[in-house]
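Note sheet for the following structure.
Derivation of every value follows stated rules applied to the coordinates shown; laboratory data play no part. Keep in mind the model is a prediction, meaning the values are calculated, not measured. Note: ideal-geometry Cβ built from the backbone for every residue, glycine included; neighbour counts use all protein chains shown.
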Amino acid sequence: MKIPFLSFEETNKKIKTQIISEFEQFFDNAWYVLGDNLKRFEQEYADFNQVKHCVGVSNGLDALHIALKTLGIGPGDEVIVPSNTYIATVLAVSYVGATPVFVEPDLITYNIDPAKIEDAITSKTRAIMPVHLYGQACEMEAIMVIAERHHLFVVEDNAQAHGASYNGKLTGSWGHINGTSFYPGKNLGALGDAGAVTTDNPECARQALILRNYGSEKKYYNEVIGFNMRLDEFQASVLSVKLKYLNEWTEQRRETADWYNEALKNVDDLILPKVADKATHVYHIYLVRTKQRDALQKYLADNGIGTMIHYPIPPHLQKAYEHLGFKKGDFPIAEEIADTCLSLPMWPGITEKMVKEIASIIMKFMNDRK
Ligand SMILES: *Cc1c(COP(=O)(O)O)cnc(C)c1O
């Protein structure tokens, strides 16, 4: 049996006729950018995320960039980011001219460790960017307390965690302004690039609206040096269709995680995901860890099972960030995760039979190596 890392087969089947009808309306209306589809989706996503404002933008990286910009963060400022995040979080900090300051994650949840944040705060620190990595909510209460104590902004990177929550409050609704991505492979994904910022703050929302559209609220009147970072009408209508299924798809992901947890629970040398108290997980990624990661990945590939590594090189060791002067060993927890992590197939529609098949291949690998 061949099992890909990611498949759109089931989700696409569900939405195909609706998408085709949305496309026809979009095509016939002949209004392609900044129209009613975008307004509708922004309202729907704000309702879903329980925030007052959602501003659709071109992608997740641009959302984070705009979010930092609305807060006036720039050169000379420092922004705290997890040492094991996807590069986009760090790039957004660089785009506004600020300096990323890495803080190690907790080795159980893989999310930024609140106990280590205060040591990284200096007189230049302006914001903390928690990333709800793999779909699990960060410990937001502790993070908000630290931010308040030091008068810092919080900007959540919610690209992987649509619908996750901490103590009942949704990710993407805690920070002053937050960014998310609707890249096709995300839990809520468009048919191309898309993203959004979410906020309860009307002034941040207004700034984001202006920044995404050339710095202009009134056509041809430019208040600030803005960008072209708009979300297309067609992508917005796709997202409206898919948003209706998101909770159902999240439930399927959770059920899949339960199947994996059960099937893999007795495998030695395999660390399974753990969900912290008060946090929920939407399993954007089902990630395991083992010292034999590379050999296991190859064995699974040889047996037709697709896997991925999220992520093989932590930001501080990327060539792009050489100028920060970090070396191997500076963030040992992020490095440990990078060296041992493996993401197993996870998508709405994967069957229990497939999960059992994957688990039995993993068990065979482990037994052969005893
Ligand atoms: C995908 C992702 C982004 C960037 O989103 P794009 O839409 O690809 O620009 C940012 N942060 C995290 C954690 C992501 O997973």
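Label sites at Phe23 and His323, each approximated as a point 7 angstrom past Cα along Cα to Cβ, lie 4.3 nm apart. Mean residue ellipticity, 222 nm, helices only, the chain: the sum of -39500 (n - 2.57) across DSSP H runs of n ≥ 4, divided by residue count and rounded to 500, is -12000 deg cm²/dmol.
Inter-part distance, the range 237-284 to the range 128-150, computed on C-alpha centroids, equals 21 Å. Of the listed pairs Lys13/Lys52; Lys39/Lys69; Lys2/Lys265; Lys13/Lys353; Lys69/Lys169; Lys278/Lys327, which have alpha-carbon separations greater than 29 Å here? With Cα atoms farther than 29 Å apart: Lys13/Lys52; Lys278/Lys327. Sorting 333-340, 347-354 by their mean Cβ neighbour count within 10 Å, with the most densely packed peptide first, gives 333-340, 347-354.
Return the whole-Å distance between the Cα centroid of the range 54-108 and the Cα centroid of the range 337-361. First find each Cα centre; the distance between them is then 30 Å.
Sort Asp330, Asp294 so the one with the fewest other Cβ atoms within 10 Å of its own Cβ comes first. Display every interim value, and only then the final one.
Working: Asp330 16, Asp294 13.
By the 10 Å Cβ count, ascending, the order reads Asp294, Asp330.
If the chain linking Ala142 and Ile271 were pulled fully straight, counting 0.36 nm for each residue of separation and taking away their Cα-Cα distance, it would gain 43.9 nm. Electrostatic tally near Asn261: other residues with Cβ closer than 15 Å to its Cβ, Lys and Arg +1, Asp and Glu -1, net +2.
Overall, the chain carries a charge dipole of about 440 debye about its Cα centre when +1 sits on the Cβ of Lys and Arg and -1 on the Cβ of Asp and Glu, all other atoms neutral.
Extension gain, Lys124 to Glu251: 0.36 nm times the residue separation minus the Cα-Cα distance gives 41.5 nm. Residue exposure proxy: Thr89, Thr198, ordered by other Cβ atoms within 10 angstrom of their Cβ from fewest to most, comes out as Thr89, Thr198.
Here is the list for the range 225-317: trypsin sites (Lys or Arg not before Pro) lying in DSSP coil, each with at most 15 other C-beta atoms within 10 angstrom of its C-beta, are Lys244, Lys265, Lys274, Lys278, Lys291.
Overall form of the range 1-65: oblate. Here a/c, set by the Cα gyration tensor axes a ≥ b ≥ c, is 1.5 or more, and a/b is not larger than b/c.
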